[in-house]
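Notes follow once the structure below has been shown.
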Amino acid sequence: MKNTIHILLVEDDADDVELLQIAFTDKNVNARFTVLSQGDKVLPHLSSDPAEPDIILLDLNLPKMHGKEILQAVKSHSRFARIPVVMLTTSSAQTDRDFCMNAGAANYFVKPILLEDYYHMVGYIVEMAGQ
């Protein structure tokens, strides 16, 4: 088991980034976050960084490239397909959830409003990251 979880967080809302990072810290999970705020940066980042993330947390509504496109690209790429992708979005639409799960997402979470609700996700994320 590794001591640190490497999380690629693709999120354009700084408040959501901060809440997630606080939740990991409060739950005493050692996580290293790489944060990308634009969708079109994900694939170039994955291709150029030799240290692949343990898990990708992906928003749907991103500038420059939609989360659905990113999910499909990651899951269709032979090198990255094994990396778990967890959708973390404001969309509660069943059609978005169905699309993402059918495209290979490990899970789909609607972003919580309260920090306490983020705590519940931390355990799942740690488990999905193989820790």
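General observations
- Residue check: Glu18 meets all listed conditions (1) acidic (Asp, Glu); (2) open to solvent by 70 Å² or more (accessible area, probe 1.4 Å); (3) without any contact (Cβ under 8 Å) to a residue 24 or more places away in the chain; (4) farther than 17 Å from Val122 by Cβ but one, namely (4).
- If the condition is being over 29 Å from Glu116 (Cα atoms) and surrounded by fewer than 17 Cβ atoms within 10 Å (Cβ to Cβ), then the range 29-51 contributes Asp40, Lys41, Leu43, Pro44, His45, Ser47, Ser48, Asp49, Pro50, Ala51.
- Cβ pairs under 7 Å, 6+ apart, first in the range 66-83 and within 15 Å of Ser47 (Cα to Cα) and in contact (Cβ under 8 Å) with a residue 12 or more places away in the chain, second open to solvent by 40 Å² or more (accessible area, probe 1.4 Å) and basic (Lys, Arg): Ala81/Lys75
- From the list Asp26, Asp98, the lone residue that is open to solvent by 40 Å² or more (accessible area, probe 1.4 Å), of a type in the set (Asp, Glu) and free of Cβ contacts under 8 Å to residues at least 60 places away in the same chain is Asp98.
- Whenever a residue of the range 40-55 is over 11 Å from Ile5 (Cα atoms), its partners that are assigned to a helix (DSSP H, G or I), lying with C-beta atoms within less than 6 angstrom and at least six residues away or across chains, give the pairs Val42/Ile70; Leu43/Ala73.
The values are calculated or read from the model by the stated rules, or taken from the named source; none is laboratory data. Source: prediction; values computed, not measured. Cβ coordinates were reconstructed from backbone atoms using ideal geometry, including for glycine residues, and neighbour counts include every protein chain displayed. Note: areas computed on protein heavy atoms with side chains; ligands, DNA, RNA excluded. Shrake-Rupley method; radii C 1.70, N 1.55, O 1.52, S 1.80 Å.
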